[in-house]
Amino acid sequence: FLLFSICVAWASQPRRAGTSNMNGRYSVASGGRQDVPFNDDYASKGHEYFDVWAPEIATHYGEVFWTDQGNQPLPNSIVERFKGKVMAITGYEMDQVMVQPVGHPGVNPEQDVSVPINWAYNHHYMAWMTGEHSTMQKVDALMDDPMAHGAETKWIAVDMPSATTRSHTNAPTAQMFSEGNGGESRKSFHGYPNGYAQLIDSPTEWHITPMQVDTRNRDCGATPADIGRCTRFQAGPEPKQAHFGRKPPPGGFNYSGVLECPCNSRYGGDPLIYGDTKTKAVVNDYAAVTSGTCSARQQIGSAAECFRVVPTIGINATKFTNRTVADPKLPPACSVVREGNGSATIYFNSAGKAQCTSGTKQQGTSTTSRVGVKFELSLDSKDTFKRSPPGKYCSQNRAGVLREFKTASDSMSDAIKAQTQCEQYCFTEADCWGCSVDCRSA
């Protein structure tokens, strides 16, 4: 849980011994001088505070948590005190804590245990406070917007219609907090010189999006009882690219390489470290469907890809002819028709609406073997019928007809289509023992 302490109003939660600060006494530097005289007892200077807890964060080792945690209510005492008024925020503190009981932040704040900084590396955070006249809204981000960190959308605080009719129209309706520091923000005070503050009208909620990396080696445990274990850092499993591919010094590194978000051999790995690897490798498997159409996400998107792939998926043809069409009578995208002369025509169709009805080849692949064996099976239903030569019929070719598959014409290609339809039907009908192809004029 992330615990924020906002310096404005008093609350009764206990603080570190000997100070009213969440994180204890602060060492202050001025220029090149350290520990200069400074009164860090903000309560003695008239500052008040209240505490808020963010929702629970649960992660696995090496996992990056970069998730919006939604709107969280401010304490009722604060909301009521500043309803219709302006609150002046003079600073804030933050920490990450393990709470008791788990899942119930703020119930026993005196039992909160600070998470060691080498357990979870807070890279950065974005926090907002909104009020009665503002709300959080997700909006589209420009491609070069640094605040979006490459994402397509981002969160911003926007005014509600009531913002124009409130009493304090010269005061902001919302405030944002993001000082740019990461892990070190947890033990640092964020404040302003005398006379400066962030103002907000009628505050009601706060909103945070933390970005952090789970760096705790689970061999050392990850509960409050494990605080005293592995106090000298012990790294968990790390990609080869961690620490920029450098060899560890004697005694190992003193920080986790996963906090760099290193790439690995499967995604984005540096060829200098992993060899012949690609930033992102996409492997496509192709197969012909025997009926219906491919889903929109499965359809081949270009004629070049269609004409390249079809001859490689096991269709038996003497030659392939490529055609680009816009025909609603054919299936959409990529399809193939086996002609009567043994050749095949590959169609890439930009206007197709029809279904595939004559496919006979089915393929399957299994890659779930625990011993690294890849199994492939290819079945062609047209080869499971023993066919007599054209023109030779059995004596019962017109007896006990179960169903007729009429040809569109007397052409050989239409006869083969009707024959294929009959054979597919025969596989599903127990009483069917064979198919006979007659010309329409016979």
Picked from region 41-74 (must be at positive phi and more than 16 Å from the chain's Cα centre (by Cα)), the residue surrounded by the fewest Cβ atoms within 10 Å (Cβ to Cβ) is GLY46
Going by the conditions given, is VAL115 in contact with a Phe, Trp or Tyr (Cβ under 7 Å, 6 or more places away or on another chain), surrounded by 12 or more Cβ atoms within 10 Å (Cβ to Cβ) and aliphatic (A, V, I, L, M)?
no
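Would region 208-218 turn up any residue that is in contact (Cβ under 8 Å) with a residue 60 or more places away in the chain, in the same structural domain as LYS83 (by the TED database) and of a type in the set (Asp, Glu)? If you could, list the steps in order and put the result at the bottom.
Initially, region 208-218 is screened for residues in contact (Cβ under 8 Å) with a residue 60 or more places away in the chain, giving 208-218.
Add one more test, that the residue is in the same structural domain as LYS83 (by the TED database), and what stays is 208-218.
Those left that are additionally of a type in the set (Asp, Glu): 214.
The answer is yes, given that some residue of region 208-218 is in contact (Cβ under 8 Å) with a residue 60 or more places away in the chain, in the same structural domain as LYS83 (by the TED database) and of a type in the set (Asp, Glu).
Residues are listed down the side, and each one gets a yes or a no for (1) in a strand (DSSP E or B); (2) exposed (fewer than 14 other Cβ atoms within 10 Å of the Cβ):
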{"position": "ARG297", "(1), (2)": "no, yes"}
{"position": "ILE300", "(1), (2)": "no, no"}
{"position": "ASN322", "(1), (2)": "yes, no"}
{"position": "CYS334", "(1), (2)": "yes, no"}
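Only one of GLN241, GLN298 is modelled with pLDDT of 80 or more, more than 22 Å from GLU63 (Cα to Cα) and within 30 Å of the chain's Cα centre (by Cα); which?
Details: GLN241 fails: more than 22 Å from GLU63 (Cα to Cα).
Going through GLN241, GLN298 in turn, the sole match is GLN298.
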Exception for ALA127 within (1) modelled with pLDDT of 90 or more; (2) within 30 Å of ARG232 (Cβ to Cβ); (3) touching a Phe, Trp or Tyr at 6+ places or on another chain (Cβ under 8 Å) falls at (2)
Heads up, the strands (runs of 3 or more DSSP E) in region 60-102 (entirely inside) with at least 3 residues that are assigned by the TED database to the domain that holds HIS123 and among the hydrophobic types (A, V, I, L, M, F, W, C) are 64-66, 86-89, 91-98
Out of (1) part of a loop (DSSP other than H, G, I, E, B); (2) of a type in the set (Val, Ile, Thr); (3) touching a Cys at 6+ places or on another chain (Cβ under 8 Å), the one THR318 does not meet is (3)
With criteria (1) out of contact with any Asp or Glu (no Cβ under 9 Å at 6 or more places or on another chain); (2) surrounded by 17 or more Cβ atoms within 10 Å (Cβ to Cβ), SER178 comes up short on (2)
Exercise for review: Examine region 120-131 for a residue that is in the same structural domain as ASP201 (by the TED database), closer than 23 Å to PHE189 by Cα, part of a loop (DSSP other than H, G, I, E, B) and touching a residue at least 12 places away in the same chain (Cβ under 8 Å), and state whether such a residue exists.
Suggested key: no
Among the residues in region 52-59, are any of a type in the set (A, V, I, L, M, F, W, C) and either part of a strand (DSSP E or B) or outside the structural domain of VAL99 (by the TED database) (or both)?
yes
Taking region 144-175 and keeping residues more than 32 Å from the chain's Cα centre (by Cα), of a type in the set (Val, Ile, Thr) and surrounded by 11 or more Cβ atoms within 10 Å (Cβ to Cβ) leaves THR169, THR173
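If the requirement is being within 24 Å of GLY342 (Cβ to Cβ) and part of a helix (DSSP H, G or I), which of these qualifies: ALA408, ALA415? Working first, answer last.
Numbers: ALA408 fails: part of a helix (DSSP H, G or I).
Going through ALA408, ALA415 in turn, the sole match is ALA415.
Let's see how each residue does on (1) modelled with pLDDT of 90 or more; (2) in contact with a helix residue (DSSP H, G or I) (Cβ under 9 Å, 6 or more places away or on another chain); (3) of a type in the set (Val, Ile, Thr):
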position: ALA17; (1), (2), (3): no, no, no
position: MET22; (1), (2), (3): no, no, no
position: PHE38; (1), (2), (3): no, no, no
position: ALA43; (1), (2), (3): no, no, no
position: TYR49; (1), (2), (3): no, yes, no
position: GLY62; (1), (2), (3): yes, yes, no
position: VAL79; (1), (2), (3): yes, no, yes
Original post:
Does ILE346 satisfy being among the β-branched types (Val, Ile, Thr), crowded, with 18+ Cβ neighbours inside 10 Å, modelled with pLDDT of 80 or more and outside the structural domain of CYS426 (by the TED database)?
Top reply: yes
Considering region 199-227, residues that are among the polar types (S, T, N, Q) and in contact with a Phe, Trp or Tyr (Cβ under 8 Å, 6 or more places away or on another chain), and then whichever is farthest from ASN71 (Cα to Cα), we arrive at ASN217
Residue set ARG216, ARG229; condition within 30 Å of ASN118 (Cβ to Cβ), surrounded by 17 or more Cβ atoms within 10 Å (Cβ to Cβ) and at pLDDT 80 or above; output residue ARG216
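Looking at ASP270, is it touching a residue at least 12 places away in the same chain (Cβ under 8 Å), farther than 30 Å from MET98 by Cα and touching a Cys at 6+ places or on another chain (Cβ under 8 Å)? Quick ask: steps written out before the conclusion?
Working: touching a residue at least 12 places away in the same chain (Cβ under 8 Å): yes; farther than 30 Å from MET98 by Cα: yes; touching a Cys at 6+ places or on another chain (Cβ under 8 Å): yes.
Judged against the criteria, ASP270 is a match.
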With the first residue restricted to region 280-299 and required to be farther than 26 Å from GLN424 by Cα and among the basic types (Lys, Arg), and the second required to be assigned to a loop (DSSP other than H, G, I, E, B) and modelled with pLDDT under 75, Cβ contacts under 9 Å at 6 or more apart or on different chains are LYS280/TYR267
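Let me confirm something: among VAL158, VAL107, VAL139, which residue is closer than 30 Å to LYS83 by Cα and free of Cβ contacts under 8 Å to residues at least 12 places away in the same chain?
On the way: VAL158 fails: free of Cβ contacts under 8 Å to residues at least 12 places away in the same chain; VAL139 fails: free of Cβ contacts under 8 Å to residues at least 12 places away in the same chain.
None of the others qualify; the one that does is VAL107.
The values are calculated or read from the model by the stated rules, or taken from the named source; none is laboratory data. The structure presented is a predicted model; accordingly, all values stated were derived computationally and were not measured. With ideal geometry, Cβ positions are generated from the backbone for all residues, glycine too; neighbour counts draw on all protein chains shown.
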